Amino acid sequence: ANGIVKKCPEDILIYVLLRLPLKSLMRFKCVTKTFYTFIQSTTFINLHLNRTTITKDECILFKCSINRYKHVLSFISTKNDGDDLRPMSPDLDMSYLTSFNPGIGHRLMGPCNGLIALTDKVNAVLFNPATRHYRLLKPSPFDCPLGFYRSIDGVGFGFDSIAKDYKIVRISVIHGDPPFYDFNMREQKVEVYELSTDSWRELDLLDQHLPNVDYYPCSEKFYNGASHWLGNDTTLVILCFDMSTEIFRNIKMPSACHSNDGKSYGLTVLNECLTLICYTYSSAVNDQAENLIDVWIMKEYDVNESWIKKYTIIRTLSIKSPLAVWKDHLLLIQTKNGLLISYDLNSDEVKQYNLHGWPESLRATIYKECLTLIPKGSEHPTEVKIF
């Protein structure tokens, strides 16, 4: 077999391999040494990552907490290119995530070149869902003095295209802990983790004033080389952090969105544009009052005048938060009691799916399988069985 492969022209070999599902490629690595070397090569991995795909080649990753002590990652796709969701494989146990605050403390970020980052208040894990390779990252060494408390308000994961390195950024606030609490004792800190050095460092803000970061389940988005969060200063803004320059900047929201409009917000991508979801929030778990949801897209990135209202949804939905947009027309929503529903932006149809978890714990992202390797640090990546 190895001799036959060597005689095959490389361009034909590439053409054939790029059309195969990833599970087949993983099995082919065991056929011959030539296949193994070729499929593991940077050239083929980049070709596979940038290949043209269709929607059915993508899946949805859901992170949810079954209870306060068990957290799983679900791989969901559609059947016969329809809109019905079905599991692609058994759920994967996220045993390295801590059990407290499964709703607020846990983040699912990415994908970025096929990699995702999972974090809680202590641990950070870099993970390739397709190959099941993961790497538990070194924890941040930064703490605060006795009598003070560090709250992590924003976390971002992305790729520095200049340094060719993956980074995680954390925005936190240090303030006095009771009984020493003082509103005037408040200091913002920014920490950056670099995968190439496997280390954290504090970023000098150089007198940059950052808005308060408002955390929502669908609010941390890496797009166009920058991490984005929802912020609140004298007005509502989208806070951006460029992964290459490590400089913060603000993007203005549509003029109709302001701090006293009583709305909650989410960030996602629709039609390859940065998208803002503005929705009515009620604290009642079973509140079925009519909700108004506005979907704004920024047609030209970082141009405030390019915001347009793409959709206005008026439906009776018990919405806790938006999660993601699937196939550019299915808005995935977490209900107040922890259920998953979808709203079809084209047909106005609502569906409920058999996926539920601890209320407020659902996270989702759209994922395309890839072969991206996780660089080795002080410890080798761990491989989990492929189902």
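Tabulated data for the structure shown
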{"quantity": "D (Stokes-Einstein, µm²/s), Kirkwood Cα radius, the chain, 1.002 mPa s at 20 °C", "calculated": "96 µm²/s"}
{"quantity": "The chain, accessible surface, carbon-and-sulfur percent (1.4 angstrom probe)", "calculated": "51 percent"}
{"quantity": "Computed magnitude of the charge dipole of the chain (debye, nearest 20; Cβ of K, R +1, Cβ of D, E -1)", "calculated": "1560 debye"}
{"quantity": "Residue 66 long-range amide H proximity, modeled H, under 5 Å", "calculated": "71, 72, 358"}
{"quantity": "Links that overshoot a 32 Å alpha carbon limit, given the list 23/310; 33/121; 164/336; 252/327; 138/309; 33/138", "calculated": "23/310; 33/121; 164/336; 138/309; 33/138"}
{"quantity": "Length gained when the stretch residue 162-residue 292 is fully extended (0.36 nm per residue, less Cα-Cα span)", "calculated": "42.6 nm"}
{"quantity": "Residue-normalised accessible area of the chain, given per residue in Å² at a 1.4 Å probe", "calculated": "48 Å²"}
{"quantity": "Spacing of the two label points (7 Å from each Cα toward its C-beta) at residue 204 and residue 93, in nm", "calculated": "4.7 nm"}
{"quantity": "Computed label-point distance, nm, for sites residue 271 and residue 235 using a 7 Å Cα→Cβ extension", "calculated": "2.5 nm"}
{"quantity": "Additional length obtainable on full extension of the chain from residue 37 to residue 24, 0.36 nm per residue less Cα span", "calculated": "3.1 nm"}
{"quantity": "5 Å-binned pair-distance histogram of the stretch 1-52 (Cα, whole percent)", "calculated": "4, 20, 34, 31, 9, 2, 0"}
{"quantity": "Descending principal axes extents, the stretch 126-165, alpha-carbon based, whole Å", "calculated": "43, 26, 17"}
{"quantity": "Theoretical gain in end-to-end length, residue 189 to residue 151 [0.36 nm per residue, Cα-Cα removed]", "calculated": "12.7 nm"}
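The values are calculated or read from the model by the stated rules, or taken from the named source; none is laboratory data. Quantities reported herein were computed from a predicted structural model and do not represent experimental measurements. A quick note on method: Cβ atoms are made from the backbone with ideal geometry, for glycine too, and the neighbour counts reach across all protein chains shown. Each accessible area value is taken on the protein alone, full model and side chains, heavy atoms only, with ligands, DNA and RNA left out. Shrake-Rupley method; radii C 1.70, N 1.55, O 1.52, S 1.80 Å.
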